[in-house]
Amino acid sequence: MITDRPEVIEKDFDALQKKIGITFNNPELLIQAFVHRSYLNEHHDFPLGHNERLEFLGDAVVELVVTEFLFNEYGNPEGELTNWRAALVNAKTLASIAYEIGMEPYLFLSHGEAKDAGTKARDYIMANTMESVTGAIYLDGGYEAAKKFIAEWVLPKLPYILENGLYLDAKSRFQESAQELLGVTPTYKVMSEEGPDHAKTFKVGVYIGKELVATGEGMSKQEAQTEAAEMGVQAKGWKGPTINIIKRNPGDPL
């Protein structure tokens, strides 16, 4: 049995099930949710496949549950709800939840991938794992089990997202806050370019009037502007523009 293998036993999946409050009827589904493709390249005798199909399924389940919740709870226009949903199900949010749950030690990774802790590549793997675990829960316990899991771990992030304007990209968030609070539109200026043409690094500053608020770096001007805007929001302590949240009541028109 897969659960008797030493590399599985040492990860203590029972502890993870207690953490998320779900006991799997088929533990192999939960284990497979943590198998990265790279692991199988080095462990050809591992009896389970990688988690990409579970990730595909889980992505759809997360989006459906979040969509259903937003539709039932809020009367805001479709465009606003779409932005809120995107912020709840994006890789950054899902990765943060996976770390919060403590999923990282359960990953089955190649030696090369295992060295990438703390990188954007690992964050991407963690977001995918959150989706694959959701897919495994759906297959094992059905829609209600998956809905309960998402309601406990994903949906509680919405108030923070709304309060801090995280449903907007960093540049929009910085611009709307600057316009709302100061009545000005920020500008961006390239401060330096380094490296050869095929691998340049740009440093960009974001300004309010003549004040340099923050800088950012990236492999493109757009990427550097985005980082500068994110740093600018943090520097100013802005929580994003004011929004009108319309709560629905039972019987309200759809």
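A single entry from LYS210, LYS239, LYS147 fulfils the requirement of being of a type in the set (Lys, Arg), buried (at least 17 other Cβ atoms within 10 Å of the Cβ) and either farther than 23 Å from THR82 by Cβ or in contact (Cβ under 8 Å) with a residue 12 or more places away in the chain (or both): LYS147.
Test PRO156 against the stated conditions and say whether it is in the same structural domain as GLU42 (by TED's automatic domain parsing) and in contact (Cβ under 8 Å) with a residue 60 or more places away in the chain. For PRO156, the condition - in the same structural domain as GLU42 (by TED's automatic domain parsing) and in contact (Cβ under 8 Å) with a residue 60 or more places away in the chain - is not met. The set of residues in the stretch 21-40 that are free of Cβ contacts under 8 Å to residues at least 24 places away in the same chain and either farther than 19 Å from GLY102 by Cβ or charged (D, E, K, R) (or both) comprises ARG37, LEU40.
Quick one: how many residues across the stretch 40-83 are of a type in the set (Asp, Glu), part of a helix (DSSP H, G or I) and within 19 Å of PRO27 (Cα to Cα)?
Total satisfying the criteria: 2.
The values are calculated or read from the model by the stated rules, or taken from the named source; none is laboratory data. It should be emphasised that the depicted structure is a prediction, and the values quoted were computed from it without experimental measurement. Every residue, glycine among them, receives a Cβ derived from its backbone with ideal geometry; neighbour counts consider all protein chains shown.
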